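Single-structure report; data block below.
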Amino acid sequence: MLMLCCNFSRWGASETMALIQIFLSVISCFIAVYIPKKIAWEQRYSQLLAEYRGHDYAAAVMALTMFFNKNCKNDVNSIEKEYIKIYKAQFKYQFGLGEKPLTSVQNDQNLHFQRRLLNQFYWDLDLCARSLYIGKKRIQKDFTSKEANMLKVLYYMNIAAESDEIFMDISTDDRLPPNPKSTNVRIKDIYEILKDSKSYVQ
């Protein structure tokens with residue numbers, strides 16, 4: 001320690017200024033990288049919160065809740081069969097069950113599109129939870145364990161949506177290898193985060 005102090009005392013003004021400049025350069029680089037990314041992630045998260053309070057999200061949650069309560073009778077084992085039934089009814093023309101395309105069902109009334117909307121929302125929410133700029137604790141503070149209950153239903157709906165009756169094979173002879181990561185990878189991750197959160201918003 002004494003030797004270090006002695007060496008430091010022998011430094012001239014130029015060496016001291018050089019050390020200060022290096023230190024300031026490091027801080028400047030950190031700020032130049034951190035602040036823009038922090039702002040970008042904050043904007044992304046604010047947009048998610050705005051969607052969470054919006055009409056489309058509320059309509060999708062209501063549709064999922066009604067589907068599970070009314071159609072599935074709160075039985076997860078009924079989700080796949082009931083989801084496929086509703087899917088075919090809402091896209092009956094595509095399945096050769098109607099003479100004209102079903103144009104009366106708008107996106108906010110279509111269970112398939114509502115499921116996709118919720119998937120995209122929770123996919124983005126999981127990315128925010130994994131980000132150093134937002135993090136899991138903040139997600140758990142802003143959301144409740146009730147979302148985790150809904151994610152269970154969404155998880156089973158995604159399994160139904162990827163069944164052979166809906167997710168039809170449109171590949172050619174030159175097939176790409178199957179992607180092992182489905183939508184449910186993110187849904188499962190964000191479920192694990194939200195199931196441990198409080199039942200109320202902090």
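Results, tabulated for the structure shown:
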quantity: C29 being at pLDDT below 95 and either surrounded by 11 or more Cβ atoms within 10 Å (Cβ to Cβ) or out of contact with any Lys or Arg (no Cβ under 8 Å at 6 or more places or on another chain) (or both); calculated: yes
quantity: Any hit, the range 66-81, residues being modelled with pLDDT of 90 or more, in contact with a Cys (Cβ under 8 Å, 6 or more places away or on another chain) and open to solvent by less than 90 Å² (accessible area, probe 1.4 Å); calculated: yes
quantity: Given (1) modelled with pLDDT under 90; (2) open to solvent by less than 20 Å² (accessible area, probe 1.4 Å); (3) within 16 Å of the chain's Cα centre (by Cα), number of the condition S145 does not satisfy; calculated: (2)
quantity: Those residues of the range 148-159 which are within 13 Å of N119 (Cβ to Cβ) and open to solvent by 20 Å² or more (accessible area, probe 1.4 Å), in sequence order; calculated: M150, Y155, Y156, I159
quantity: Hits in the range 108-142 - residues which are assigned to a helix (DSSP H, G or I) and more than 13 Å from the chain's Cα centre (by Cα); calculated: D108, Q109, L111, H112, F113, Q114, K137, R138, Q140, K141, D142
quantity: Residues within the range 46-71 that are under 19 Å from K152 (Cα atoms), in contact (Cβ under 8 Å) with a residue 40 or more places away in the chain and out of contact with any Lys or Arg (no Cβ under 8 Å at 6 or more places or on another chain), tallied; calculated: 8
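The values are calculated or read from the model by the stated rules, or taken from the named source; none is laboratory data. These numbers were taken from a predicted model, which means no experiment stands behind them. FYI the Cβ positions are ideal-geometry reconstructions off the backbone, even for glycines, and counts take in every protein chain you see. Just so you know, the surface numbers come from the protein's heavy atoms only, side chains and all, with ligands and any DNA or RNA stripped out. Shrake-Rupley method; radii C 1.70, N 1.55, O 1.52, S 1.80 Å.
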